[in-house]
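Asker: Structure incoming, see below.
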Amino acid sequence: MHKDSFNVLAIDDDPGDLELLRRSLDRIVGLHIAYHPVQDSAEGLDLLKKLPIDIVFLDYMLGAESGVEVLRMIRDSGDDRPVIFVTGRGDEYVAAESARYGADDYLSKSNIQPGPLKRVIEGATERANLRKEKSRLLEELKNMRKAETVATMAAGLAHDFNNKLTSLQGFLDLALALAKDEKLVGYLQKMNEPCVLMAEEIGRLLTLTVGTTSRHERVDVTSMVKNLKESLVPTVESNIRFDVKVEEGLQIFGSHGTVRQALISICTNAIEAMEQGGKLTLRANRMEAGSDVVAGQSSINGRSYVLIEVGDTGCGMAPETVEQVFDPFFSTKGMGTQTGVGLSLAVAWQSITGLDGHIDVESSPGEGSQFKVFLPIDG
């Protein structure tokens with residue numbers, strides 16, 4: 001975005017030079033300048049902390065004090081705003097010193113004119129913006145590398161836990177088969193329940209870190225969505241009502257198990273949002289190519305698709321929560337809760353996008369949430 005308003009700080013011990021700079025800045029066409037001149041470096045550094053200064057003009061020689069020392073203090077404080085050296089020398093030595101200590105440019109006092117000033121301001125601002133963008137991209141790259149490392153470690157741990165859990169479940173099954181005492185059978189069954197839950201969580205973690213190799217086939221979406229109610233009813237409180245309306249004959253080409261598990265995760269999240277009871281709405285319809293409903297989703301545009309909507313009348317989510325709802329490391333649930341984990345929706349997202357689909361979320365605090373799952377019919 002082009003910037004045309006600037007807060008300019010000038011630090012120079014010569015009031016005549018400060019006045020010359022002011023008059024030249026006032027004559028620049030197309031820029032609005034708020035000018036803050038000071039003759040003392042300490043006062044200038046204080047203004048940098050207090051005011052939203054955009055650019056600094058710093059005298060290279062501040063009497064007994066060096067402008068280089070002032071620049072070093074600015075940079076050592078972590079301040080990356082553009083700094084322009086103003087000098088009476090204007091030679092290659094000043095240019096080298098400017099670059100060495102982190103100045104964005106230098107300007108000879110004999111060249112303080114509207115044209116050169118405008119070029120220097122716009123150029124320094126552009127370089128500062130590029131520095132910020134570079135820092136942002138480097139931080140993103142660092143976070144991506146961290147995420148890759150965590151994913152690799154998580155996949156290894158998940159495989160290791162899965163192997164040990166499989167062995168444990170095998171011996172539990174054997175013990176259940178051999179046990180004759182009814183009380184002992186009950187204890188063994190109680191032991192097996194957390195093992196089943198752990199196996200499901202490990203499965204989600206493996207899906208998230210290494211993906212799935214599910215076989216694609218024709219999936220009857222109509223029957224799947226209708227049967228979701230039967231699967232969910234036994235697990236929910238009686239104060240949850242279901243409202244299901246599904247178009248007949250809906251089919252996609254994909255993985256039945258993958259889609260069903262993704263929808264169960266979304267429905268479970270919706271049910272947990274309705275602690276005081278409410279209504280869970282399930283809708284499924286065929287949408288033709290070019291529909292405005294999914295405008296902007298390049299993976300689906302130009303293709304016919306099935307739209308599955310899961311709505312709840314629960315507590316809803318703030319915009320910042322909606323932005324992170326598919327982040328595997330984000331959860332609004334407290335530690336130690338028995339139901340629902342942050343991985344569930346992350347895996348649902350990965351599963352649906354793995355089928356060239358997309359999930360949209362609409363929610364507001366106190367207004368409930370609506371998840372829209374778009375699945376291309378042609379796979």
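Asker: For region 290-337, give me each residue that is modelled with pLDDT of 75 or more and over 28 Å from V244 (Cβ atoms).
Answerer: First, pick out the residues of region 290-337 that are modelled with pLDDT of 75 or more: 303-327.
A318, P319, E320, E323, Q324, D327 - these are the residues of region 290-337 that are modelled with pLDDT of 75 or more and over 28 Å from V244 (Cβ atoms).
Asker: Related question: Do we have R100 as charged (D, E, K, R), within 19 Å of R75 (Cβ to Cβ) and free of Cβ contacts under 8 Å to residues at least 40 places away in the same chain here?
Answerer: yes
Asker: As an exercise: evaluate L137 against (1) under 25 Å from the mean Cα position of the chain (by Cα); (2) surrounded by 12 or more Cβ atoms within 10 Å (Cβ to Cβ) and give the number of the one condition it does not meet.
Answerer: That leaves (2) as the condition not met.
Asker: Quick check, is A177 over 29 Å from A346 (Cβ atoms), of a type in the set (G, A, S), outside the structural domain of A346 (by TED's automatic domain parsing) and assigned to a helix (DSSP H, G or I)?
Answerer: The answer is yes for A177.
Asker: Okay, next question. Report yes if some residue within region 358-379 is closer than 17 Å to F253 by Cα, modelled with pLDDT under 85 and over 23 Å from the mean Cα position of the chain (by Cα); otherwise report no.
Answerer: For region 358-379, residues closer than 17 Å to F253 by Cα, modelled with pLDDT under 85 and over 23 Å from the mean Cα position of the chain (by Cα): present.
The values are calculated or read from the model by the stated rules, or taken from the named source; none is laboratory data. In this text, all values refer to a predicted model and were calculated from it rather than measured experimentally. Please note: Cβ atoms are built from the backbone with ideal geometry, for glycine as well, and neighbour counts cover all protein chains shown.
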